[in-house]
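Encoded as structure tokens, the structure appears first; notes follow it.
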Amino acid sequence: MKGIILAAGQGTRLRPVTLTMPKPLVPVANMPLIGYAIEVLHNAGIEEIGIVANELDSPISRELGDGSALGVKLSYIVQAEQRGLAHAIGLTKDFVAGEPFCVFLGDNIFQDKMGDLLRAFPASDSEANIALGEVADPTRFGIAEVQDGVIKRVVEKPKVPPSNLAIAGVYLFRSSIYDSISKIKPSARNEYEITDAIQHLIESGAKVTHYKITGWWIDAGKPDSIMQANQLVLGELPYTPAPDDPSMIIGRCDISPRVLVGENSQIIDSVVRGPVIIGKNVTIRNSYVGPYTAIGNNVVIENSEIEASIIMKDCAIRSIPGRIDSSLLADNAKVFAADHGPAVHRFVLAENSYVQL
């Protein structure tokens with residue numbers, strides 16, 4: 001079985017961060033969003049993965065390369081014009097080459113790793129199997145109507161939902177889906193909807209089953225959901241004792257358990273309360289780092305307080321009055337203090353941003 005990750009979207013809901021960085025590369029707990037999809041597929045034994053990107057020489061392909069560092073073989077498929085999920089999947093036919101395959105949206109993170117689902121599909125009698133999750137507001141999602149374990153109908157963002165089971169962004173297909181994609185027409189928003197293709201599959205008599213995911217599920221497409229995903233992933237860090245390497249922990253420090261510190265990083269005269277993940281070559285001096293914070297490589301934090309935030313690589317935060325909370329700083333953002341400022345700050349900063357408070 002092969003894997004497909006859809007990663008060609010523009011990430012408009014996550015601007016300004018995505019003006020210079022594709023959404024699939026935004027880090028959660030110091031791993032790119034797309035890395036979580038690759039991890040699920042790899043752990044289920046799927047080693048050949050095609051990534052649908054908006055250009056062949058995208059930042060995604062430059063960052064991930066051929067996938068060998070991740071234990072997989074990556075290929076790249078170009079969707080130059082975003083015309084819907086079904087259109088993107090239709091472009092993967094040559095790569096799939098007749099095998100059963102799994103489609104994974106590149107900006108979703110699941111607590112459920114779905115290994116049994118993925119491994120069992122090739123030997124099943126289903127033409128498709130769709131991951132579903134319960135949601136509070138089914139009018140915002142593609143929704144499935146299920147009877148006796150079989151999906152009878154799917155509908156996109158219904159005004160009167162037939163259930164609260166949302167299509168969660170993981171699909172298992174056989175080659176029959178390509179014929180269904182070829183038969184559908186663009187929707188009212190001029191996109192080829194995968195729900196329409198699945199409905200065509202159902203109406204043609206194909207067996208379409210479902211898998212109900214367990215645990216949390218995050219569509220990490222907006223700053224708030226990125227923060228939530230970061231907190232959930234960090235919350236699952238296993239217990240580790242507080243770091244005490246004297247080359248790493250210097251001066252009067254108070255470090256809790258569940259604090260992971262990368263190579264050549266130093267915590268000096270500071271307080272760090274886990275769960276926290278700190279990358280390589282980071283300096284934290286005379287500062288407080290609170291729970292659910294992820295700090296990328298080559299970051300400097302001095303005379304400041306921060307918690308529940310994502311700080312990407314090459315950032316600097318110095319002498320900020322009050323506490324930075326629930327903030328997202330993209331690569332190389334700089335935040336320094338002016339003569340005065342409010343007691344609380346919240347930021348969503350794009351790459352190379354500069355803020356003086």
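Listed here are the residues, each with its yes/no results for (1) modelled with pLDDT under 95; (2) farther than 24 Å from GLU236 by Cβ.
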residue: VAL271; (1), (2): no, no
residue: TYR292; (1), (2): no, no
residue: SER304; (1), (2): no, yes
residue: PRO321; (1), (2): yes, yes
residue: SER327; (1), (2): yes, no
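Here are some conditions: (1) modelled with pLDDT of 95 or more; (2) under 20 Å from the mean Cα position of the chain (by Cα); (3) buried (at least 20 other Cβ atoms within 10 Å of the Cβ). ILE218 meets all but one. Which one does it not meet?
The one condition ILE218 does not meet is (1).
Within the range 196-211, does at least one residue satisfy the condition of being assigned to a strand (DSSP E or B), under 24 Å from GLY115 (Cβ atoms), among the basic types (Lys, Arg) and touching a strand residue (DSSP E or B) at 6+ places or on another chain (Cβ under 8 Å)?
No - not one qualifying residue is present in the range 196-211.
Cβ-Cβ under 6 Å, sequence separation 6+ or interchain: first residue in the range 255-270 and of a type in the set (Ser, Thr, Tyr), partner open to solvent by 60 Å² or more (accessible area, probe 1.4 Å). Which pairs?
Correct list of pairs: SER256/ARG273.
Tell me which strands (runs of 3 or more DSSP E) are completely within the range 239-318 and hold 3 or more residues being touching a helix residue (DSSP H, G or I) at 6+ places or on another chain (Cβ under 7 Å) and closer than 19 Å to ASN332 by Cα, or say none if there are none.
Counting at least 3 such residues, we get no strands (runs of 3 or more DSSP E) at all.
Of all residues in the range 164-180 being under 26 Å from ILE34 (Cβ atoms) and over 26 Å from the mean Cα position of the chain (by Cα), which is least open to solvent (accessible area, probe 1.4 Å)?
Out of the qualifying residues, it is TYR178.
Only one of ALA123, ALA136 is among the small types (Gly, Ala, Ser), open to solvent by 60 Å² or more (accessible area, probe 1.4 Å), in contact (Cβ under 8 Å) with a residue 24 or more places away in the chain and out of contact with any helix residue (DSSP H, G or I) (no Cβ under 9 Å at 6 or more places or on another chain). Can you tell me which?
ALA136
Residues that are exposed (fewer than 14 other Cβ atoms within 10 Å of the Cβ): which helices (runs of 4 or more DSSP H) entirely in the range 43-103 hold 1 or more of them?
Those helices (runs of 4 or more DSSP H) span 59-64, 93-96.
Can you name the number of the only condition in (1) of a type outside the set (S, T, N, Q); (2) surrounded by fewer than 24 Cβ atoms within 10 Å (Cβ to Cβ); (3) within 27 Å of PRO22 (Cα to Cα); (4) touching a Ser or Thr at 6+ places or on another chain (Cβ under 9 Å) that ILE130 fails?
Of everything listed in (1) of a type outside the set (S, T, N, Q); (2) surrounded by fewer than 24 Cβ atoms within 10 Å (Cβ to Cβ); (3) within 27 Å of PRO22 (Cα to Cα); (4) touching a Ser or Thr at 6+ places or on another chain (Cβ under 9 Å), ILE130 misses just condition (2).
Any residue at all in the range 141-155 that is acidic (Asp, Glu), assigned to a strand (DSSP E or B) and either open to solvent by 10 Å² or more (accessible area, probe 1.4 Å) or touching a Cys at 6+ places or on another chain (Cβ under 7 Å) (or both)?
yes
The values are calculated or read from the model by the stated rules, or taken from the named source; none is laboratory data. All values derive from a computational prediction rather than experimental measurement. For neighbour counting, all protein chains shown are included, and Cβ atoms are generated from backbone atoms with ideal geometry for every residue, glycine included. Ligands, DNA and RNA are excluded from the accessible area calculation, which covers all protein heavy atoms including side chains. Shrake-Rupley method; radii C 1.70, N 1.55, O 1.52, S 1.80 Å.
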